[in-house]
1. Can you say whether Leu429 is within 18 Å of Lys484 (Cα to Cα), part of a strand (DSSP E or B) and of a type in the set (A, V, I, L, M, F, W, C), as far as the supplied structure shows?
2. Take the residues in the stretch 172-209 that are of a type outside the set (A, V, I, L, M) and within 13 Å of the chain's Cα centre (by Cα), then tell me which one is most open to solvent (accessible area, probe 1.4 Å).
3. Among the candidates Leu483, Leu472, Leu458, single out the residue that is within 38 Å of the chain's Cα centre (by Cα), buried (at least 18 other Cβ atoms within 10 Å of the Cβ), over 19 Å from Ile389 (Cβ atoms) and at pLDDT 90 or above.
4. Among the residues of the stretch 154-183, count how many are within 25 Å of Ala73 (Cβ to Cβ) and polar (S, T, N, Q).
5. Can you tell me how many residues within the stretch 432-450 are in a loop (DSSP other than H, G, I, E, B) and touching a helix residue (DSSP H, G or I) at 6+ places or on another chain (Cβ under 6 Å)?
6. Would you point out the residue of the stretch 50-94, among those that are surrounded by 15 or more Cβ atoms within 10 Å (Cβ to Cβ) and polar (S, T, N, Q), that is farthest from Arg134 (Cα to Cα)?
7. For the stretch 95-140, enumerate the residues that are open to solvent by 40 Å² or more (accessible area, probe 1.4 Å), over 25 Å from Glu248 (Cβ atoms) and within 21 Å of the chain's Cα centre (by Cα).
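The values are calculated or read from the model by the stated rules, or taken from the named source; none is laboratory data. Keep in mind the model is a prediction, meaning the values are calculated, not measured. No Cβ is skipped: glycine too gets one built from the backbone with ideal geometry, and neighbour counts run over all protein chains shown. Ligands, DNA and RNA are excluded from the accessible area calculation, which covers all protein heavy atoms including side chains. Shrake-Rupley method; radii C 1.70, N 1.55, O 1.52, S 1.80 Å.
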Amino acid sequence: MFDFKSLVSSLLNKNTTASEVAQSATLLVRDLPEAEYFGALVEIIKAVAKINTDTEISLKERVKTLVYVDDKANNIHRQLCKDYLQSKGGSKGYLPTILAYWHELSSAYQICLRLYKSHPNAVPEDEIRIVTIRGLHHQMRLIAWNSLRYLKPEGAAWQNGFRFFSQAEESGFSRHPIKLYLNSPDEFSCEQLLIQAGMLFLAQTDNMLHREIVAVDQLLMMLSQGIPLDKQPPVEEPIFVYNLSMPEPPQAMLRGMAGKWHRYWSAYEITSRLADLMFDLDRRIPPALAAMDGGLEREEWAILCEKLAIRWSTDGGKSLRKSERSLHASNAHVSIGFERVAYQVKVQDVPTQDPERASDWRINDISSTGMGLTFIGKAVEQLAIGRVILVKADNHPQLLGVIRRILRQNNGTKVGIEILGQNPVGVSLLDPEHADSPPSTAIYITQPNSRKGQRCFLMPKTLTQPDKQLVLAAQGKSYQIRLKTPQHEYEDCSHSDFDTLSKVD
């Protein structure tokens, strides 16, 4: 096992020279097996946290040490991020460490800037530029990853980012592209990092899939290049604005938004670049999109870009509900996930939920097509866009829906669902080609109970093949059916339809 602790401790030794710091930091990751990346990063974070509490380290040594450690640990951190986003085995527990890395280094760089204001000659200007842009980058990454977790960023996250940007602006390099790391192929300006995070927030990611959010995040790194952030509103709309004196996210410019702390940008160039990509997507995936890690198909990219174009429009492109909702305050019994819901509607006398957990869910409002709920429990990992959900409230029939929106806040997680229908029925599906295998369970909503006036049939994705013949059994009767092409792919099942061929005796 690599001795991380002793090596990291050498970085903190006051007698260690700058050259020795560089050498130790290089040894920290040289020939390090990927299997030990996580343990290494944990020790690095502890080391940075210890630096942040040590008031005896000079500004010069503090900057030198932090920059070297960040340089050498960056590749480790990037690999852990990639593994986590790709759901690589064992990566589920990486998230707290991934976020802690950005948090501790962002805090460390803020301390450097505070000390720099009192000792402006202690550190060369080029090193302060690196400290500033890395601090802003790390802070904006924390905000971006809030989107991945459907969390509303706290005001302090924006305010910390504004402090780094203000330093860059005061020093005159907020628009200068800077290479974040020696081995990084790209250069970013502080303006670009702030605009990129702002446009991601304005993309209204609370009803996007994880891979769509990742795709938008990467797309914006390209679309936001060279967009200026000005002290006066630009002419071309749409115009968005930050107020650097307030711990708040950006918003579309309204009348009266003026003052020395306001910074404006026009998204006209961004939306124009987006329109060019949409034009290319009519024929093929542009090379710039194909090179990204999102893994989206051409049609998926086209839908996503169209969604972004609407949301970044002049009026903010606020997503509209299909029908008006009325307030409806009551507790609810909720089950999530296709397999769990299918079993529950099939075995109807099974308890819907433990009585002590019934208060975890509360209905806020409801319409003919959707419902808004609040979840105050802790098991937020069960929530996912596109996952099937069953809701049962007092004096109301069981409603089957699909999760379409998630927003985690301090007072609970807001969950918006699209209602598919009421009173779903659990049915069995038997594959004649595998007669010895146990039957699968599916969910069926009759035409009168379906919200769209057409019967709804949800089934395991493994069985969804056009023209495949199955035996459907429900309420003591069996039918031979032939599947049609799936209508929708949800997160954990498929929505299909079928033709009934014959009754099975």
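1. On the way: within 18 Å of Lys484 (Cα to Cα): yes; part of a strand (DSSP E or B): yes; of a type in the set (A, V, I, L, M, F, W, C): yes.
Judged against the criteria, Leu429 is a match.
2. Going residue by residue through the stretch 172-209, those that are of a type outside the set (A, V, I, L, M) are 172-177, 179, 181, 183-192, 196, 198, 201, 204-207.
If we keep only those that are within 13 Å of the chain's Cα centre (by Cα) as well, we get 201, 204-207.
Numbers: Phe201: 72, Gln204: 26, Thr205: 15, Asp206: 34, Asn207: 34 Å².
Per the stated criteria, the residue is Phe201.
3. Numbers: Leu472 fails: within 38 Å of the chain's Cα centre (by Cα); Leu458 fails: over 19 Å from Ile389 (Cβ atoms).
Being within 38 Å of the chain's Cα centre (by Cα), buried (at least 18 other Cβ atoms within 10 Å of the Cβ), over 19 Å from Ile389 (Cβ atoms) and at pLDDT 90 or above holds for just one of Leu483, Leu472, Leu458, which is Leu483.
4. Count: 3.
5. Looking only at that region, the number is 0.
6. Per the criteria, the residue is Ser91.
7. Pro96, the sole residue that qualifies.
Each row is one residue, and each column tells you yes or no for (1) farther than 22 Å from Ile213 by Cα; (2) in contact with a Leu (Cβ under 6 Å, 6 or more places away or on another chain); (3) modelled with pLDDT under 90; (4) open to solvent by less than 10 Å² (accessible area, probe 1.4 Å).
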position	(1), (2), (3), (4)
Ser359	yes, no, yes, no
Ser367	yes, no, yes, no
Thr374	yes, no, no, no
Val388	no, no, no, yes
Asp394	yes, no, yes, no
Ile406	no, yes, no, yes
